[in-house]
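The values are calculated or read from the model by the stated rules, or taken from the named source; none is laboratory data. Source: prediction; values computed, not measured. Please note that ligands, DNA and RNA were not included when accessible areas were found on the heavy atoms of the full protein model with its side chains. Shrake-Rupley method; radii C 1.70, N 1.55, O 1.52, S 1.80 Å.
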Amino acid sequence: MNKTALWIFAASLTGCGLQAQTNPLVKEMRAQYEGVKGNLLKAADKMTEENYSFKPTPEVRTFGALIGHIAGQIRTCAMIKGEQKTIDATKTAKADLVAALKASFDECDAAWDTMDASAMEMIAGRGGQQRTKLSALIQSTIIHNNEMYGYMCPYMRLKGVTPPSSDR
């Protein structure tokens, strides 16, 4: 009986240890993702409805179109989970675009939750190029989103709105 209890105890410790492990690279990248996600959600909220149609020059997207473009990350995040999802790119109202952005981040949160187990699995990226799931997630939800946030900041400043990363 004591040997059985000892084996069960040892097995439970091993299981707890494995469950508590987190890939440090995934953990660091997830923190970067959470930071830009927070900035984007706050920026989307801070801009007024009327400023969603603002664009600094005729050649660039409106602020709302930037939000819709970012929400398109739902496609990559769903693909990482083996699913297919898109957003309605025709929406222009702030409420619709913020809802789409939040839905995309919900999908990306779920994709990030799979990274400890599947980070190094290969998937087909743009043009069929093979890449790891982690690489695709970093590109879409960190690198691309930081670039988009950088584009959004001048829109906000031109409308007298302080970007969230400067609003301390």
Against the rule of thumb 2.2 N^0.38 Å, how large the Cα Rg of the chain comes out = 1.30
Can you give me the Cα centroid spacing of segment 30-79 and segment 98-127 in angstrom?
-> 17 Å
Measure nothing fancy, just the Cα-based angle from helix 94-113's long axis to the longest principal axis of the chain, in degrees from 0 to 90, nearest 10.
-> 20 degrees
Links that overshoot a 31 Å alpha carbon limit, given the list LYS27/LYS102; LYS55/LYS81; LYS91/LYS133 = LYS55/LYS81
Based only on the alpha carbon positions, what is the Kirkwood hydrodynamic radius of segment 120-168, in angstrom?
-> 12.7 Å
Report in % the part of the accessible area of the chain that belongs to carbon and sulfur, leaving out ligands and nucleic acids; probe 1.4 Å.
-> 56 percent
Rounded accessible area per residue of segment 33-168, 1.4 Å, Å² = 52 Å²
